[in-house]
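The values are calculated or read from the model by the stated rules, or taken from the named source; none is laboratory data. Not measured: the values here are computed from a predicted model. Please note: Cβ atoms are built from the backbone with ideal geometry, for glycine as well, and neighbour counts cover all protein chains shown.
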Amino acid sequence: MKTIRLREGKERSLQRQHPWVFQGSVEKGRADAGETVRVESHSGEFLAWAAFSPDSTIRLRAWSFDEAERIDADFFRRRLAVAVAMRSRLGLRSNGVRLVHGEADGLPGLIVDRYEDILSVQFLATGVERWKAVIADALLAATGCTRLYERSDSSVRQLEGLDPVKGWLRGEGSTTVTLHEHDIRLTVDVEAGHKTGYYLDQRENRALFARLVRQLGCKSVLNCYSYTGGFSVSALAGGATEVVSVDSSGPALARASAHVELNGFNPAHHTTLDADVNATLRQMLKEGRQFDAIVLDPPKFAPTAAHADRASRAYKDINRLGLKLLKPGGLLLTFSCSGGIGADLFHKIVAGAGLDAGVDAYILQRLEASSDHPTTVNFPEGEYLKGLVLLKR
Ligand code: SAH
């Protein structure tokens, strides 16, 4: 077993059980990609067992802070059992569930989403890449699933010196399943869909939107960055009769239309717009359009804090336009999934947007990712999705 020694004073974050050690904290020691190493403080004290990542600025990702623990197949079985058991206690109303959420489940770099009988998995760091076969078998054993599709085609793998990989790792067959989420149904293709196939993190927010649309009697709804129309179908489920889905992806919009029919809603109540959201919002404002409810769920404008400035301006712009396009009393659900923009900053950006729009709004609720995408007290960086429910005054 190789040992990595940290610089003086750099032991604190591992002592607080934070799982990452950056490149600059390492004093000496090297290992192969994904190899398990013993991490010691400058004075030689045990700190953690970790996976070594020679090409990444995150040089070490901790597996365990317990010196007696062995990092072997059994270790992965135990961690996966805890993660799967936690989800079974959440009372989620869906056959699409995030079973493993990386660092939050003590498995840095591993994402596992279950869609009905398919596990869709991302191996995003060298440690889980090295243990891939063990993890795949343990996942099938822990869930009873027989099929596992690998979606390690995320760009973050480049930071780890890993190539993109995509395809069946265990089992085979159709990559499309029907997701039953609360009272709606959505088709998911684990091969072609975004991330592992879909945005399960917005599940509870989609259900909330359906409830609010009904409660507030919203009829006209603008769903911006609609992807395959999850919030649009939710709006129809809440009784909306004029729903517009805007996205720059034609295939995503085609699926949104198919989802309206799949759920038995009147196709005449839904239109799609293959266009840039920002340009669309400006155009609609010029035309004097107004909506009872608007959803703004853009892609990640700021992947890291370094992009925060430009991203802040982009978020402010769409929120300013969105607030203007709402009728008085209208409902806005606005989100950011940028890790580089914290909840406080996002709230400030939206407040600035309101000021610029000359609009005030009640904050009904603050939103986050659904509970199967947990954050832990030791790893606050895991928090990425934040949202606000606003009611225009
Ligand atoms: N709300 C969706 C997820 C949104 S993902 C859900 O609940 O399922 C972000 C979407 O934004 C993607 O579908 C992408 O195609 C779209 N997109 C990215 N940039 C865009 C732009 N400038 N204008 C319109 N759509 C855009």
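Okay, residues lined up against (1) more than 25 Å from Ser13 (Cα to Cα); (2) under 23 Å from the mean Cα position of the chain (by Cα); (3) modelled with pLDDT of 95 or more; (4) among the hydrophobic types (A, V, I, L, M, F, W, C):
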residue: Val359; (1), (2), (3), (4): yes, no, yes, yes
residue: Tyr362; (1), (2), (3), (4): yes, no, yes, no
residue: Gln365; (1), (2), (3), (4): yes, yes, yes, no
residue: His373; (1), (2), (3), (4): no, yes, yes, no
residue: Glu381; (1), (2), (3), (4): no, yes, no, no
residue: Gly387; (1), (2), (3), (4): yes, yes, yes, no
residue: Leu391; (1), (2), (3), (4): yes, no, yes, yes
Verdict on Arg114 being assigned to a strand (DSSP E or B), surrounded by fewer than 22 Cβ atoms within 10 Å (Cβ to Cβ) and in contact (Cβ under 8 Å) with a residue 12 or more places away in the chain: no
Neighbours by Cβ (under 7 Å, 6+ apart or cross-chain): first from segment 288-306, over 16 Å from Thr334 (Cα atoms) and basic (Lys, Arg); second within 16 Å of the ligand (Cβ to nearest atom) and modelled with pLDDT of 95 or more: Arg289/Leu325
Positions within segment 154-175 being within 16 Å of the ligand (Cβ to nearest atom) and either among the aromatic types (Phe, Trp, Tyr) or surrounded by 14 or more Cβ atoms within 10 Å (Cβ to Cβ) (or both), in sequence order: Ser154
Index of the failed condition, Arg77 passing every other in (1) surrounded by 19 or more Cβ atoms within 10 Å (Cβ to Cβ); (2) over 26 Å from Gln23 (Cβ atoms); (3) not hydrophobic (A, V, I, L, M, F, W, C): (1)
Number of positions in segment 246-297 that are in a strand (DSSP E or B), among the acidic types (Asp, Glu) and either loosely packed, with under 15 Cβ neighbours inside 10 Å or near the ligand (Cβ under 9 Å from one of its atoms) (or both): 2
Identity of the residue in segment 330-378, assigned to a strand (DSSP E or B) and among the β-branched types (Val, Ile, Thr), that ends up nearest to Ala311 (Cα to Cα): Thr334
Residue list for segment 349-370, restricted to those being surrounded by 16 or more Cβ atoms within 10 Å (Cβ to Cβ) and not aliphatic (A, V, I, L, M): Gly352, Gly354, Glu368, Ser370
All positions within segment 213-244 that are within 12 Å of the ligand (Cβ to nearest atom), outside any helix (DSSP H, G or I), over 16 Å from Gly387 (Cβ atoms) and of a type in the set (Ser, Thr, Tyr): Thr228
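From the list Arg59, Arg79, pick out the single residue that is within 24 Å of the chain's Cα centre (by Cα), at pLDDT 95 or above and more than 15 Å from Val128 (Cβ to Cβ). Walk me through it before giving the result.
Numbers: Arg79 fails: more than 15 Å from Val128 (Cβ to Cβ).
That would be Arg59, the only listed residue that is within 24 Å of the chain's Cα centre (by Cα), at pLDDT 95 or above and more than 15 Å from Val128 (Cβ to Cβ).
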Complete set of residues in segment 298-321 that are assigned to a helix (DSSP H, G or I) and in contact with a Ser or Thr (Cβ under 7 Å, 6 or more places away or on another chain): Ala311, Tyr315, Asn319
Residue count, segment 65-104 (criterion: assigned to a helix (DSSP H, G or I), of a type in the set (Asp, Glu) and free of Cβ contacts under 8 Å to residues at least 60 places away in the same chain): 1
